[in-house]
1. May I ask you to list the residues in region 235-268 that are in a helix (DSSP H, G or I) and among the charged types (D, E, K, R)?
2. All but one of (1) part of a helix (DSSP H, G or I); (2) under 30 Å from GLY126 (Cβ atoms) hold for PRO232; state the number of the condition that does not hold.
3. Here are the criteria: (1) at pLDDT 90 or above; (2) closer than 26 Å to SER44 by Cβ; (3) among the charged types (D, E, K, R). Tell me which single one LYS110 does not satisfy.
4. Among (1) touching a His at 6+ places or on another chain (Cβ under 6 Å); (2) within 15 Å of THR246 (Cα to Cα), which single condition is GLY83 missing?
5. Looking at region 41-100, which of its residues are of a type in the set (Phe, Trp, Tyr) and open to solvent by less than 20 Å² (accessible area, probe 1.4 Å)?
6. Yes or no: ALA144 under 13 Å from ALA170 (Cβ atoms) and under 21 Å from the mean Cα position of the chain (by Cα)?
7. Out of the residues in region 25-40 meeting the condition of being touching an Asp or Glu at 6+ places or on another chain (Cβ under 6 Å) and surrounded by fewer than 23 Cβ atoms within 10 Å (Cβ to Cβ), tell me which one is modelled with the highest pLDDT.
8. Checking VAL187 against (1) crowded, with 22+ Cβ neighbours inside 10 Å; (2) in a helix (DSSP H, G or I), only one condition comes out false. Which one?
Amino acid sequence: MKTTDKSLQRRNSCILIFTSFVWGISFVAQSEGGDAIGPLSFNSIRSIIGSLVLMVVIAILDRVGIITQKPETKEQQRTLLLGGVLCGFVLCTATNLQQLAISLGSPVGKAGFLTACYILLVPILGIFFKRRCGLNVWIGVLIAIVGLYLLCIDGEFVIKTPDILLMLCALCFSFHIMVIDHFSPKVDGLRMSCIQFMVTGVITAIPMCIFEINGDFKTWLGGFGNLDAWIPLLYAAIFSCAVGYTLQIVGQKGLNPTIASLLMSLESVFSVLAGWVLLKEKLSPKELLGCVLIFVAVVLAQLPGRKQTEKGVEE
């Protein structure tokens, strides 16, 4: 592998670690915002705001000539649109399945664990897309699963209806990672991210109107009359959506999707550490061990294996 490729992978790995940090910190904002205005309203509006923020950023960067993958042909435009719509549809399905499961009573810790099981599904899906990974990565995945269990699960683990929804959510996030892996080398990440959020927001607005507005627009609008709604909404829109998911698209470029999923699983660690630092929550020895195991898994997956092709597949 060329030195420049290794440098690019190190840079993108750092980008995904920062992405997981942004998502971990925004967990509190997402929880409070959903309670204030409703989960569907929160998902829809934050996605649309995130898309609008990216539109402004793209316009500025286009003017100064920084973006290098601006689509110029109809074929490039079709590829960008297809990638954005597919990402948006899968992301919309995943996030709303997760929110529905939580609203049906799934504990947040359990929801985080089952959602993060995409780190096991991604390498399995990668086999079908010829994106195989080495033994050290598989070992890292298994260690991370154990770490996530220790970090997120407290008490009895019983499969219920919300848990089935969360498993479907994890599958959708796995497909989301694979779709990004396919399209990110071909299109501008900012534009694809912008499209995916608009698609997510518009689709989510349909059940939002049916179940949360439900003909009483004035009452629904009144929920936005305080800072308890707007502060977490804007934080999630700008940082979790516009910054986090865009960095995911940029950071995944050139990385094996399994390694990318392991790096993003650090979100669970950062969310717990954020609760410890910001909310003065206590960390049990079991949770600390879970954090350590996840960090070990990430480091192990980053160790060089056998000779790799440019696609990151070990030979």
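The values are calculated or read from the model by the stated rules, or taken from the named source; none is laboratory data. Here the structure is a predicted model, which is why all the values come from computation and not from measurement. Every residue, glycine as well, gets a Cβ built from its backbone with ideal geometry; the counts of neighbours run over all protein chains shown. Surface accessibility is based on the protein's heavy atoms, side chains included, excluding ligands, DNA and RNA. Shrake-Rupley method; radii C 1.70, N 1.55, O 1.52, S 1.80 Å.
1. To start, the set of residues in region 235-268 that are in a helix (DSSP H, G or I) comprises 235-252, 257-264, 266-268.
Across region 235-268, the qualifying residue is only GLU267.
2. (2)
3. Exception for LYS110: condition (1).
4. (1)
5. The one that is of a type in the set (Phe, Trp, Tyr) and open to solvent by less than 20 Å² (accessible area, probe 1.4 Å): PHE42.
6. no
7. GLY38
8. (2)
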